[in-house]
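What follows draws every value from the coordinates through simple rules; no lab data is involved. Computed from a prediction, not measured in an experiment: that's the story for all the values here. Note that each Cβ is placed from the backbone with ideal geometry, even for glycine, and that neighbours are counted across all protein chains shown.
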Ligand code: HSE
């Protein structure tokens, strides 16, 4: 019976989750792989001892020593961030070690260099836990959907943002209070800006796009807007339009160019993604042969993410034992097949829109706004104005038919310049019917 020795860097939430999973599932993994997958060593400079149940695991503060130890077969990086994580990953690859990481920031920024180094060295890089926490999304894309041209990717990929929006929607709680709860529950990133400003979602979308389309893309090429500007009244107005606000990652494949965007979106209540609540994630793919596939599950958390990391470890362990390392390319496409594809400029995209305009409540205001929209070819679907203010502004809420982003930006520049308009207009894209599950 062969033993595969794992060296783990970082015993935080996910690292300790991996340790728990490998311990509690050891017998099952033996039954399923014929291998003993052993957490041989943990490198962490923040702790002085491991819990007693990990008596078989050594603790060190020397990550480089572990990386270069010939007895270690797989290095698992779970410290997050770019440095020193990148150095550890690159050093592990250089030492001929297989690598598993959950580090979406690292892969979406430095993935090209990391995967090139791994291919040159003939080692595997597993990153199931980088997207969708415990959901087997990477493996689905790489293996289950291998016989598909992926036509679109759409999903809720950040549990913190979804948790905040869900509680704001269900309980009317203020944004800042819910964020505090999310941090206490342990699924927010160390810097919550990444969660609430859509950056973490863009990291994940970049990884999925690389694998889905076989393209080079870094997260900073993705147009990204977060949820920090969403106010409870937007959530209320969304309800009146029969929608919920969700932070969506959206990508569509137009062959010679691809859409790539992350933004709050009004999702009709009839759409499956509108009912993904709390810290859950859901990722929807359209494949040309399979049709629509929706993967749903815990997008974060100690044991769910530990489960995903363990799956990568076992995949690599099986390949080592079978002498089939590299059987499945890490990014699904062979390294030489990954190419540059243009990203569709946002200005060219079209969708229906929600605008919340803060304007004085006096005769002619709505006519002036409607006139500007009309001149830019934007057709109004409905208008809501509630209440009456003698002095302060009122909210004039407009939903539109499908309109191109460039026209919307030009129209809103004019609207916001009106003397009667007191604050920048809030604009939220509405999910268009071409993105529906009834395609
Ligand atoms: N901060 C992330 C989230 C954790 O809230 O989804 C998993 O990537």
In whole angstrom, the spacing between the Cα centers of the range 30-48 and the range 100-121 equals 22 Å
Starting from the alpha-carbon convex hull of the range 138-298, give the projected area averaged over all orientations, in nm². 9.3 nm²
Folded to 0 to 90 degrees: helix 175-185 orientation relative to the chain principal axis, Cα: 10 degrees
Using alpha-carbon pairs under 8 Å, 6+ residues apart, how would you state the relative contact order of the range 138-298 in percent? 35 percent
Hey, fewest Cβ within 10 Å first, where do 286, 160 land in order? 286, 160
To the nearest 10 degrees, how steeply does helix 13-24 sit against the main Cα axis of the chain, on a 0 to 90 scale? 50 degrees
Mind jotting down a quarter of the surface of the convex hull over the alpha carbons of the range 346-430, in square nanometres, one decimal? 5.0 nm²
Can you show me the helix-derived [θ] at 222 nm for the chain, built from DSSP H runs with n ≥ 4 at -39,500 (n - 2.57) apiece and divided by the number of residues, rounded to the nearest 500. -10500 deg cm²/dmol
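Subtract the Cα-Cα distance of residue 404 and residue 337 from 0.36 nm times their separation in residues, and report this length gain in nm to one decimal.
Here the answer is 20.8 nm.
To one decimal place, what Kirkwood hydrodynamic radius in Å is obtained for the range 6-163 from all pairs of distinct Cα atoms?
16.8 Å
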Highest GNM mean-square fluctuation among 304, 329, 424, for the chain with Cα springs under 10 Å, belongs to 424
How far is the Cα center of the range 201-248 from the Cα center of the range 340-364, in Å? 15 Å
So for the chain: antiparallel DSSP bridges make up what percent, rounded to the nearest 5? 60 percent
Can you give the extra length, in nm with one decimal, that the chain gains between residue 382 and residue 1 once fully stretched, where that is 0.36 nm per residue apart less the Cα-Cα distance? 130.3 nm
What span do the alpha-carbon atoms of the chain cover on each of the three principal axes, reported in whole Å from largest to smallest? 82, 45, 34
Hey, what did the range 1-146 get for relative contact order, percent, Cα under 8 Å, at least 6 apart? 21 percent
Over the chain, what is the relative contact order in percent, taking alpha-carbon pairs closer than 8 angstrom and at least six residues apart? 17 percent
Normalised radius of gyration for the range 132-191, please: alpha carbon Rg relative to 2.2 N^0.38 Å, two decimal places. 1.50
